[in-house]
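Since every read-out is calculated from the coordinates, none of them should be taken as a lab result. Nothing here was measured: the structure is a model prediction, and the numbers come from that model. Reconstructed Cβ throughout: ideal geometry from the backbone, glycine too, with neighbour counts over all protein chains shown.
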Amino acid sequence: MLNKNYTWLKPSLQEWLETDGLGGFSSSTSSGIHTRRYHGWLFLAGESPGDRWLALSKVEDTCIGPQTKWELSSNLYPGCIHPDGRRHLLAFSRQPFPKFIFRIGAGLLQREIFMVRGMPGVFCRYSLKCAGTGGDGLTLVLRPLCNSRYYHHTAREASWDPKLFCLERAVLLEKHHACEGLALVCIDGDFVQEPVWYKNMLYQMERERGLDFVEDHFSPGYFRCKIRPGKDVVLWAGPVSQQGGVRVSHLPGAEGNMGFGRWCQGLAEYSGELREIEIARRNRIAAQAGGNNILARLYLAGDQFVVKAGNGASIIAGYHWFGEWGRDTFISMPGLLFTTKRFAEAKQIFMRFAGEIREGLVPNCFAQGHGAAYNSVDASLWFIYALAQYEKVSGDWEFVKQMVPKAGEIIDSYIKGTANGIVMHGSALLRAGYRHSQLTWMDACVDGTPVTPRDGFPVEVNALWIMALSTYANWLGRILAQGDLCKADLEVGGRLSGIDTCTTTYTKYSQLAKTATNRFRQHFIWPGTGLYDRLDEKGPVAEVRPNQVIAGSIAGLLLPKNTLAGIWKTAIENLLCPHGLRTLAPLSPGYRGSFAGGPRERDSAYHQGSAWPWLFGPLFDLSAKLMETQIVSPGATDYRRLREMTYLILSHLLRLDSNPCIGTVFEVASGDFPFEPGGTVSQAWSVSEITRILHFLESVSQEEGSRAGAGPGSEPGSEPDS
């Protein structure tokens, strides 16, 4: 029977997402209709995690009884939905894998789709949950719709002409762009070769986004198999190699790979074992939430962004269309990795990016097929910020000490001047960019021109710069106190000091931090409002943006209490909306309150009024920082008010089953009513920052003996009332 512990939802155009921990994924809607070119049951990662290729769009599945048949698939074509399996679809659940329940006469049939971390490929499992009429005589016809195209594109008929090799229970398609061969295997399924192109599948979301929305898919034929109670049917699609014979690789465990024939013969057993291994892995992640259901689900959502890259780890910035981004990675690390003590992966990520630093610049992104790009001023500073947070949580000073020379390389390069006009000004503040460059997180361009020009002295960049200077000075001071500074200095060719004495080196950066702080307070404070957004050649730029919230939230930047209060008040009154903080106050020139339309319209609104969920993180930190200035006696912090306010502000996002992609948090939303979500359906820093906030509040609750509960009007760990 159906598991009563799962949350069953009404099928809709809400999306679901499965990932393989390699950069590949599986995704569609709970109704089964693909609405995006990024929907497909199997996208395979290429040479890097952000290099993805569609392999299996879906399976056209039909259940045939003695006297009737039930088509389970649903597709949008010009003028119609065909077939329309929605008529038989009763319910959908995301836990622990995407499950679809179909009414088959008087019986119930379940389709389950899952991926296993570290293994490219997707499993599709069919089970009769209630046999009903004809339970002993049902036949499944499974016709895979395949493709071999880059995930940002669409394909048309004859764009791919694979060679077909039919085997017992399987068919191989050579050659796929992402692998030597794409294999399709079905337990006890006879394959009938019948190649045909399915034409003109429509993707409604892409049409609304002003992008290509029509696609053709290639079907090599179909599997035909019996299904009965207690005997599931499993179809697997995945890559195979042909070194030493056709083999399935990347299998979890010591074996690692096996011959394709053995895999086909044992698929029923292997798929069951791998399914249980993956469920156990996800249960271990969820268990770290200590019974807090929302936090457990956020931990699982966060796990989807952590991927294998080369011999280490990395973070995908967002699904479906982002790859590896430096800024996003280091903002996301505390919530995705530190909260669940995934320190080994965190160190691998630090080393991956540290190994790519050029002229003091951490990569802004690893552009798919083009290597690292260095068009960012703040990715390097977020690297130092995340490293400091890593030490605070892990206590791993030895690793941080290994990274100190890299921090020194960043800071010294910024002081002397590096690419993109990044250089420390005589005031000790940091200048960056030119008129037509976009080096901060507000980086959208239209026709090559930045929509939100921020060249000069951006406020949050300078807050991070002050943090980096003081943090680096602190690290040098500790190394000096341990007597290791000069030794380390020699090991990196003098980079740590660059001057005659070790003590003078520490003093230099400490003094720069103090000077920069004084100049920051002198030039950025905006009386009655908080902080100016940036300084340019004409002086302060009086725009109300959330960058002042980011700046005010940075630990170590000392600002007057009335300035912190001004930032908070300005943010609450002008920027706060249900799904995040607006990127520009509504009454400002250039404000755009709707994030919709084609690429030009969306890019024009991206940082000109659209609201971003990740900014709730800095707002929370600012609130905590402001609260600490109001404490009368040490140790008297009372987080009840902060907790109540936070749960109220986050109440919409925490309804995880109501978000565009079930169980996770989206990238951006319109700044005006009705505040419709947009952008990617699952964004790393959105999930990370909300996870980090809830993790902190949960830790405080445990320390206080959970006296205050989880939030206003809700039980600890429960989702807010709908």
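Given 0.36 nm per residue, what is the gain on full extension from residue 106 to residue 130 after removing their alpha carbon distance, in nm?
Taking residue 106 through residue 130 to full extension adds about 7.8 nm, to one decimal.
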So what's the net charge close to residue 579: Lys and Arg +1, Asp and Glu -1, counting the other residues with Cβ under 15 Å from its Cβ? -2
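Cα-Cα over 19 Å: which of 58/231; 10/231; 392/625; 99/341? All intermediate terms of the calculation are to be shown ahead of the outcome.
Values: 58/231 22 Å; 10/231 27 Å; 392/625 17 Å; 99/341 30 Å.
Table pairs above 19 Å Cα-Cα are 58/231; 10/231; 99/341.
Can you work out the FRET efficiency for the pair residue 596 and residue 257, with r the C-beta to C-beta distance and R0 = 41 Å, to the nearest 0.05? Don't skip to the answer; put the middle values down first.
Details: r = 47 Å, r/R0 = 1.14.
It comes out at approximately 0.30.
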Any aspartates and glutamates whose Cα falls less than 15 Å from that of residue 308, other than same-chain ones fewer than 8 residues away, would be 20, 47, 51, 324, 345
Enumerate the residues in segment 15-57 having an amide nitrogen under 13 Å from the point lying 7 Å beyond the Cα of residue 153 toward its Cβ. 52-54
Quick one: check the C-alpha center-to-center distance for segment 207-245 versus segment 573-610, whole angstrom. 40
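Normalised by the number of residues in segment 288-703, what is the relative contact order in percent for Cα pairs under 8 Å and 6+ residues apart? If you can, show how the numbers build up before the last one.
Values: 741 pairs, mean separation 67.9, N = 416.
Once normalised by length, the contact order is 16 percent.
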For segment 288-703 (alpha-carbon point model, no solvent) the Debye-based log₁₀ I(q)/I(0) at q = 0.07 Å⁻¹ works out to -0.31
Hey, fewest Cβ within 10 Å first, where do 70, 197, 16 land in order? 197, 70, 16
Write down the Å³ per residue value for the convex hull defined by the alpha carbon atoms of the chain. 166
If each Cα of segment 282-359 is one equal point scatterer, what is log10 of I(q)/I(0) from the Debye formula at q = 0.24, 0.25, 0.27 Å⁻¹? -1.15, -1.22, -1.34
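So, R0 is 51 Å and r is the distance between the beta-carbons of residue 200 and residue 700; what FRET efficiency does that work out to, to 0.05?
Working: r = 55 Å, r/R0 = 1.08.
Computed FRET efficiency for residue 200 and residue 700: 0.40.
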Residue 537-residue 193 pseudo-label distance in nm [points 7 Å out on the Cα-to-Cβ vector]: 7.0
At a Förster distance of 35 Å, what's the computed FRET efficiency of residue 555 paired with residue 8, Cβ-Cβ distance as r, to 0.05? 0.20
Mind jotting down the three principal axis lengths of segment 15-239 based on Cα atoms? Whole angstrom, largest first. 46, 40, 33
Please report the projected area of segment 167-246's Cα convex hull averaged over all directions, in nm². 7.7
Residue 577's amide H: which non-local residues (gap 5+, or another chain) put their own amide H closer than 5 Å, with H modeled 1.01 Å from N in plane and none for Pro or chain starts? 582
Please arrange 413, 510 by how many other C-beta atoms lie within 10 Å of their C-beta, fewest to most. 510, 413
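Give me the net charge of residue 175's neighbourhood, meaning all other residues with Cβ under 14 Å from the Cβ of residue 175; Lys, Arg count +1, Asp, Glu -1. Can you show the working numbers first?
Details: positive: 149, 163; negative: 161, 174, 180.
Counting the neighbours of residue 175, the net charge comes to -1.
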Within straight-line cross-link reach of residue 416, aspartates and glutamates at Cα separation under 16 Å, skipping those fewer than 8 residues along the same chain: 359
Contour excess over end-to-end distance, with Cα ends at residue 285 and residue 521 and 0.36 nm allotted per residue: 80.7 nm
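So how do 583, 339 line up by other beta-carbon neighbours within 10 Å, fewest first? Please list the in-between numbers first.
Details: 583 27, 339 24.
Taking fewest neighbouring Cβ atoms as first place, the list is 339, 583.
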